[in-house]
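Asker: Sending over a structure as structure tokens; questions will come in a sec.
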Amino acid sequence: MSDTPLTIETFVERTFGENAFVLSTEDDARGRVGWIIDPSFPPQVDRLLAYVADNAIRIEKIVLTHGHADHIAGLDIVHDAHPDAQVAMARAEQPMLGDANRNLSGPFGVGFTVRARADIDLEPGMQLWLGPLSWRVLDTMGHSPGGVSLHCPEAGVVFTGDALFAGSIGRTDFPGSDGPLLVANIRGNLLTLADETVVYGGHGPITTIGNERKSNPFLSE
């Protein structure tokens, strides 16, 4: 574990129960720096931005685990407030930003697109930095065509988007979903992490890799 503290704040969207996160840590040269993961609909995104402002966090990246509507709805609001922040997203997910049918907002009756576009193409194995903390991009596609998770071994945490939840996994009945691929990626790229790794999913409470390996009914052999 790293001696560098990582602060994680969770903001829950009321309609879909989506979790957005603000991650922050101290950087010797730049003060408090942070990422925003998967900002959703107001008022969730408004509460999130108020927290960032109150804590004087310099947002360096807006990281999107995938492109479904409830995970990108607040992207433009956040990017307008922090225009220097880089948007990071897997290439296979990027068409969803400009297509209401692909991002599922159209089929759910709230059709929208966002203006912001990705600055960074997230690829499995890529290394990212938040201050002095190193993060690795993991392949967890299957719920969506290019879904990724973000793992920080030093902090002992992984952000899994809609791949892995406490006691469940992401839906695989959407266009572009692949159930066997999702399960294979969870087993190969998430359940191989240390038991004590804390899992922050895109919906629901936190859990640990050890708990999910032992008791998740969707992952039993």
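Asker: Is one or more of the residues making up region 119-142 within 23 Å of T10 (Cα to Cα), among the polar types (S, T, N, Q) and buried (at least 16 other Cβ atoms within 10 Å of the Cβ)?
Answerer: Checking region 119-142: at least one residue is within 23 Å of T10 (Cα to Cα), among the polar types (S, T, N, Q) and buried (at least 16 other Cβ atoms within 10 Å of the Cβ).
Asker: Being more than 16 Å from the chain's Cα centre (by Cα) and surrounded by fewer than 18 Cβ atoms within 10 Å (Cβ to Cβ) is the filter here; which residues of region 198-212 pass it?
Answerer: G210, N211
Asker: Determine whether F159 is surrounded by 21 or more Cβ atoms within 10 Å (Cβ to Cβ), in contact (Cβ under 8 Å) with a residue 60 or more places away in the chain, under 27 Å from S24 (Cα atoms) and touching a Gly at 6+ places or on another chain (Cβ under 9 Å).
Answerer: yes
Asker: Can you tell me which residues in region 146-170 are closer than 19 Å to P217 by Cα, over 16 Å from the mean Cα position of the chain (by Cα) and of a type outside the set (S, T, N, Q)?
Answerer: G167
Asker: From E9, E60, which residue is at pLDDT 95 or above, in contact with a helix residue (DSSP H, G or I) (Cβ under 9 Å, 6 or more places away or on another chain), of a type outside the set (G, A, S) and not in a loop (DSSP other than H, G, I, E, B)?
Answerer: None of the other options fit; the residue is E9.
Asker: Kindly indicate the residue of region 184-197 that is crowded, with 17+ Cβ neighbours inside 10 Å and either among the β-branched types (V, I, T) or more than 19 Å from the chain's Cα centre (by Cα) (or both) and also nearest to C152 (Cα to Cα) among those meeting that condition.
Answerer: Filtering first and then ranking leaves T197.
Asker: Got a number for residues in region 189-209 being part of a loop (DSSP other than H, G, I, E, B) and either among the small types (G, A, S) or farther than 18 Å from R136 by Cα (or both)?
Answerer: Going through region 189-209, the residues part of a loop (DSSP other than H, G, I, E, B) turn out to be 191-197, 202, 204-206.
Then drop every residue that is not either among the small types (G, A, S) or farther than 18 Å from R136 by Cα (or both), which leaves 194, 202, 204-206.
Of the residues in that region, 5 qualify.
Asker: Would you check which residues across region 87-145 are modelled with pLDDT of 95 or more, of a type in the set (A, V, I, L, M, F, W, C), part of a loop (DSSP other than H, G, I, E, B) and over 26 Å from R58 (Cα atoms) and list them?
Answerer: A100, L104, F112, M141 - these are the residues of region 87-145 that are modelled with pLDDT of 95 or more, of a type in the set (A, V, I, L, M, F, W, C), part of a loop (DSSP other than H, G, I, E, B) and over 26 Å from R58 (Cα atoms).
Asker: Still on this structure: Here are some residues: A56, A88, A50. Which one is small (G, A, S) and either under 25 Å from R102 (Cα atoms) or touching a Ser or Thr at 6+ places or on another chain (Cβ under 6 Å) (or both)? Reasoning before the result, please.
Answerer: On the way: A56 fails: either under 25 Å from R102 (Cα atoms) or touching a Ser or Thr at 6+ places or on another chain (Cβ under 6 Å) (or both); A50 fails: either under 25 Å from R102 (Cα atoms) or touching a Ser or Thr at 6+ places or on another chain (Cβ under 6 Å) (or both).
Only one candidate passes the filter, namely A88.
Asker: Now a separate question. L49 passes all but one of (1) in contact (Cβ under 8 Å) with a residue 40 or more places away in the chain; (2) part of a helix (DSSP H, G or I); (3) hydrophobic (A, V, I, L, M, F, W, C); which number fails?
Answerer: If we test L49 against (1) in contact (Cβ under 8 Å) with a residue 40 or more places away in the chain; (2) part of a helix (DSSP H, G or I); (3) hydrophobic (A, V, I, L, M, F, W, C), just (1) comes out false.
Asker: Something else now. Name the single residue that is farthest from H151 (Cα to Cα) among those in region 199-215 being hydroxyl-bearing (S, T, Y) and in contact (Cβ under 8 Å) with a residue 40 or more places away in the chain.
Answerer: Initially, region 199-215 is screened for residues hydroxyl-bearing (S, T, Y), giving 200, 207-208, 215.
Okay, now just the ones that are also in contact (Cβ under 8 Å) with a residue 40 or more places away in the chain, so 200, 207, 215.
Numbers: Y200: 10, T207: 14, S215: 21 Å.
Among those that are hydroxyl-bearing (S, T, Y) and in contact (Cβ under 8 Å) with a residue 40 or more places away in the chain, it is S215.
Asker: Also, quick follow-up: Looking at region 23-48, which of its residues are among the acidic types (D, E) and surrounded by 22 or more Cβ atoms within 10 Å (Cβ to Cβ)?
Answerer: Residue satisfying the conditions is D38 alone.
The values are calculated or read from the model by the stated rules, or taken from the named source; none is laboratory data. Bear in mind that the values here come from a model prediction, so they are computed numbers and not experimental data. Using ideal geometry, Cβ is built from the backbone for each residue, glycine included, and neighbour counts are taken over all protein chains shown.
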